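Let me begin by presenting the structure, written as structure tokens, before commenting on it.
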Amino acid sequence: MSRPEDSPWAVSVAQVSTRAGQSTRVDRDFPAPEGIGDQVVGIPAGTPVHVEGDIDSLVDGLLLQAHISVPLKTECTRCLRPVNTSIKDDPVVFFPYKEPEPEPTHGKEEILAEQEEEAGGQTYPLVSGGAFMDLEALLRDTLVEALPLQPLCRPDCRGLCPQCGMDLNDHPDHRHEIIDDRWAALEGLKQRLEQEENPGSAGQAGE
């Protein structure tokens, strides 16, 4: 059975854990976890995700302030051209030394609430007795939320012609003559009604 510290997302924090006022730095690449997006807009598992930031030891846990960046290859949702961009985010998260007790004392509850508020309400557990923090869940949550819903090659992308699929960015003057068949159907109905009202008009017109 693999140990938690053998995880590719594990970060050793034993030197600063439980020692308030201590800090350490993380600056390395981690593999992107599975399940981030799909084939159209997503990050393939294993893609290097760079994490750079500081880990500060507080009274009840560790506070991670990081900058996360990863390249993103997708396609424009309007014209389907490849789009090379990147996802960048700056999460601030709290790793408590232990899970809050069901009925903690007022003092501990207040301190923990302050740390969670500072971390924006995001908390993740430490592993191996507080010696390691595992960033897998943090990376997955952060990157999934940061995925663009409708990536564009440029804000004013014209997209594709709905009739023939031509790229309107390359051919902005491209047009199709559209004939509204609804008017032709109404014209035919009008002629039939006129013939029914004047059944002899058709024969007279042919004489």
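Tell me the net charge near Lys73. Cut-off is 14 Å between Cβ atoms, Lys73 excluded, with +1 for each Lys or Arg and -1 for each Asp or Glu. Value of the local net charge: -1.
What whole-number value in cubic angstrom gives the convex hull volume per residue for the C-alpha atoms of the stretch 1-79? Hull volume over Cα atoms, normalised by residue count, gives 124 Å³. Which log10 I(q)/I(0) values, to two decimals, does the stretch 121-163 give at q = 0.22, 0.25 Å⁻¹ under the Debye formula with one point per Cα? Listed by q, the Debye log ratios stand at -0.84, -0.93.
Straightening the chain between Asn198 and Asp156 buys 9.4 nm, computed as 0.36 nm per residue apart minus the Cα-Cα spacing. Within the stretch 5-47, the trypsin sites (Lys or Arg not before Pro) that combine a DSSP coil assignment with at most 13 other C-beta atoms in a 10 angstrom radius are Arg19.
Quick note: the coordinates plus some simple rules give every number you see, no bench work behind them. Since this is a predicted model, take the numbers as computed values, not measurements. When we count neighbours, we look across all protein chains shown, and the Cβ atoms used for this are built from the backbone with ideal geometry, even at glycine.
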